[in-house]
Amino acid sequence: QVQLVESGGGLVQAGGSLRLSCAASGRTFSSYVMAWFRQAPGKEREFLAAIRWSGGSMAYADSVKGRFTISRDTVQNAVYLQMNSLKPEDTAVYYCAARRVIATTKLGEYDYWGQGTQVTVSS
């Protein structure tokens, strides 16, 4: 059974940085695509970034391109989201997700989800 556990959220001032971690277990992830989503209060969950576990190719939503960086550590079995130049509108619960093979931005096509970690950016 795949388990994804996020950590690293918290309260940060606008302009600051945070690094989120997602510890992955329960499977060999070589054929998986890992992604980060977020959900702000009253809004739909939105795609942020995705990375192929094997090859490291990445994709980003326009809203975070240039500020957020997704990476993975195949030894630690973890995926990270480095978030820089944070804005109050980045306040949300951030989720790690996984699916096999095909990279997609569509949240309904991800099979596995973590419990989320809260990020709050103060102005």
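The values are calculated or read from the model by the stated rules, or taken from the named source; none is laboratory data. The structure displayed is predicted, hence computed values, not measured ones. Virtual Cβ from ideal backbone geometry, glycine too; neighbours counted across all protein chains shown. Please note that ligands, DNA and RNA were not included when accessible areas were found on the heavy atoms of the full protein model with its side chains. Shrake-Rupley method; radii C 1.70, N 1.55, O 1.52, S 1.80 Å.
Counting protein heavy atoms only, the chain has 47 percent of its accessible area on carbon and sulfur, 1.4 angstrom probe. Dipole magnitude for the chain: computed about the Cα centre from +1 point charges on Lys and Arg Cβ and -1 point charges on Asp and Glu Cβ, it is near 180 debye. Note on A40 and Q3: their simple-model spin labels are 3.3 nm apart, each label 7 Å out from Cα toward Cβ. Volume per residue for region 30-84 equals 87 cubic angstrom (convex hull of Cα atoms). Surface analysis of the chain yields an accessible area of 50 Å² per residue, using protein heavy atoms and a 1.4 Å probe.
Do any trypsin sites (Lys or Arg not before Pro) in region 27-112 lie in a DSSP loop with no more than 12 other beta carbon atoms within 10 Å, and if so, which? Hits after loop and neighbour filter: K43, K65, K106. One quarter of the convex hull surface built on the alpha carbon atoms of region 30-123 amounts to 6.0 nm², the projected area averaged over directions.
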